[in-house]
1. For segment 54-145, which helices (runs of 4 or more DSSP H) that fit wholly inside it have 2 or more residues that are among the acidic types (D, E)?
2. Is one or more of the residues making up segment 110-121 farther than 24 Å from E138 by Cβ and open to solvent by less than 40 Å² (accessible area, probe 1.4 Å)?
3. Does A231 meet the test of being open to solvent by 10 Å² or more (accessible area, probe 1.4 Å), closer than 26 Å to Q75 by Cβ, modelled with pLDDT of 95 or more and of a type outside the set (S, T, Y)?
4. For the subset of segment 242-295 comprising residues that are open to solvent by 30 Å² or more (accessible area, probe 1.4 Å) and in contact with a Ser or Thr (Cβ under 6 Å, 6 or more places away or on another chain), which member is modelled with the lowest pLDDT?
5. Restrict the check to segment 164-174 and report whether at least one residue is basic (K, R) and loosely packed, with under 13 Cβ neighbours inside 10 Å.
6. So which residues in segment 182-212 are surrounded by fewer than 18 Cβ atoms within 10 Å (Cβ to Cβ) and in contact (Cβ under 8 Å) with a residue 40 or more places away in the chain, if there are any at all?
7. Checking the conditions here, which among R64, R57, R95, R68 is touching a Gly at 6+ places or on another chain (Cβ under 7 Å), surrounded by fewer than 24 Cβ atoms within 10 Å (Cβ to Cβ) and charged (D, E, K, R)?
8. Could you grab me the full set of residues in segment 27-37 that are over 10 Å from the mean Cα position of the chain (by Cα) and over 14 Å from I90 (Cα atoms)?
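The values are calculated or read from the model by the stated rules, or taken from the named source; none is laboratory data. Small disclaimer: the values here were computed from a predicted structure and weren't measured. Ideal geometry is used to build each Cβ from the backbone, glycine not excepted, and the neighbour counts take in all protein chains shown. Areas reflect the complete protein model, heavy atoms only, side chains present, ligands, DNA and RNA absent. Shrake-Rupley method; radii C 1.70, N 1.55, O 1.52, S 1.80 Å.
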Amino acid sequence: MEDRVRRALQTVVDTGTAQIFVRYKGAGAPVVLLHGHPRTSATWHRVAPLLVDRGYRVICPDLRGYGRSIGPAPQSDHSQQSKREMAGDILAVARHLGHERFHLVGHDRGSYVALRLALDRPDSVDRLVLMDCIPISEHLRRVDARFATAWWHWFFFAQPEIPERVINADPEEWYRPKADAASMGEENHAELMAAVRTQSVVRSMLEDYRAGLGIDREHEEADRRMRRKIASPTLVLWSRLDDLESLYGDPLAIWRDWAESVTGFGIDSGHHMAEEAAPAVVAAVGGFLGGRTSAVRDPSRR
């Protein structure tokens, strides 16, 4: 499957403030796949070819500052890595490839970019899929000892300079526990390791989290005050073997406050479900993008 990703077309799109590396392949309705931390667009190497086989044009960018994409220098308020700026990159990529409107799928940190794009530009997002997430502000409204213990990295990454020194001292060892070559795929793993050995990439990934606790939270709280909701039909998927359900119960109960039309279910997988459970992800995403909303379910459940 990784060979098919390697054969995908590649380009770099200048968005004005960033240089975004993009893989793309296929014909038909466009669907943009956004990766999470600390992955790159290669995380989709098992999912993307199956969506191409279903008749989609699949577009996989590296988020700004991640992988082979280059973002601007850090600002004091971390706004250069805000999800609004990152969403602007994705819109520019889609337009560069000839698409004013597209389906959008986001996982982990990529889901926050997808949420921001869907809220800011509802005219551009056809159907939206959000994987293993709730809004940043919803996490922060619910912070307790369990969350702080399980998600301590949010607050560690927010510290100035310290995480850069710690991670860059041995980046491969830092990321090794959640980056197994056998489960990820050899080439996906090699691409990740090359990225985390690059100090500017590590800095950008940390800036992503710093923006999350500040300017991104402010943007989401403004959305809530204005009662803005996602207009696009929305599918939420979460990993049954990760901790979203144990922390919050049914994630859909939270997402109903953020989306006009939302459905979803859990996938029998760990957090990196695109790598661990690609057939289940493709069945769910493909069915939803094809127009089936209420009938979509986890095909791994009987």
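1. Numbers: elements: 83-96, 109-120, 136-141.
Result: 83-96.
2. The initial filter retains those residues of segment 110-121 that are farther than 24 Å from E138 by Cβ, namely none.
Scanning segment 110-121, I find no residue that is farther than 24 Å from E138 by Cβ and open to solvent by less than 40 Å² (accessible area, probe 1.4 Å), so the answer is no.
3. Values: open to solvent by 10 Å² or more (accessible area, probe 1.4 Å): yes; closer than 26 Å to Q75 by Cβ: no; modelled with pLDDT of 95 or more: yes; of a type outside the set (S, T, Y): yes.
When the stated conditions are applied, A231 does not pass them.
4. Only one residue fits best here, namely T293.
5. Just the residues of segment 164-174 that are basic (K, R), to begin with: 165.
Next, only the ones that are loosely packed, with under 13 Cβ neighbours inside 10 Å stay: 165.
Yes, segment 164-174 contains at least one residue that is basic (K, R) and loosely packed, with under 13 Cβ neighbours inside 10 Å.
6. S183, E186, E187, S200
7. On the way: R64 fails: surrounded by fewer than 24 Cβ atoms within 10 Å (Cβ to Cβ); R95 fails: touching a Gly at 6+ places or on another chain (Cβ under 7 Å); R68 fails: touching a Gly at 6+ places or on another chain (Cβ under 7 Å).
Of the residues listed, the single one that is touching a Gly at 6+ places or on another chain (Cβ under 7 Å), surrounded by fewer than 24 Cβ atoms within 10 Å (Cβ to Cβ) and charged (D, E, K, R) is R57.
8. We begin by selecting, within segment 27-37, every residue over 10 Å from the mean Cα position of the chain (by Cα); these are 27-32.
A27, G28, A29, listed by residue number.
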